[in-house]
Amino acid sequence: MLAVGGTLLSASPAVASTTPIPAPPAAAGGGVDINGWCVAVYGDPWHAELRNFNAHGWVCQWAHDTAAWTSVDMYAACRRTYGSASTAQYTDYNNPYSWYCT
């Protein structure tokens, strides 16, 4: 799960690293499950991949085929986890890990 406010486990199955990330504002619902959304919408072996190091750098990618990718709908990812009233926000455009759901 890609989450804010804890430890991030890499979205890419090829990379197993952890990165500490800042906690979201107190009103936040929680982290955005980007990888879970990719798999739920497109199926296996789609997964979340960071293509550009900014808030809009996340994509869903087919296996290891870097030419086969599509955009992530962060709002839909939040609604999938936290319900229809949830929305997505980020705290820092230059930090792809700053997304959270409210």
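The values are calculated or read from the model by the stated rules, or taken from the named source; none is laboratory data. These numbers were taken from a predicted model, which means no experiment stands behind them. Here the Cβ is made from the backbone with ideal geometry for all residues, glycine too, and neighbour counts use every protein chain on show.
For segment 45-102, the set of residues classified as in a loop (DSSP other than H, G, I, E, B), more than 14 Å from the chain's Cα centre (by Cα) and free of Cβ contacts under 8 Å to residues at least 24 places away in the same chain consists of PRO45, ALA63, GLY83, SER84, ALA85, listed by residue number. Taken as a whole, the structure places ASN35 among residues that are at pLDDT 95 or above and touching a His at 6+ places or on another chain (Cβ under 7 Å). Contact map, segment 30-41: residues that are within 12 Å of ARG80 (Cα to Cα) and among the charged types (D, E, K, R) paired with residues that are modelled with pLDDT under 95 and not in a helix (DSSP H, G or I), Cβ distance under 8 Å, separation 6+ or inter-chain. Pairs shown: ASP33/MET1; ASP33/LEU2; ASP33/ALA3.
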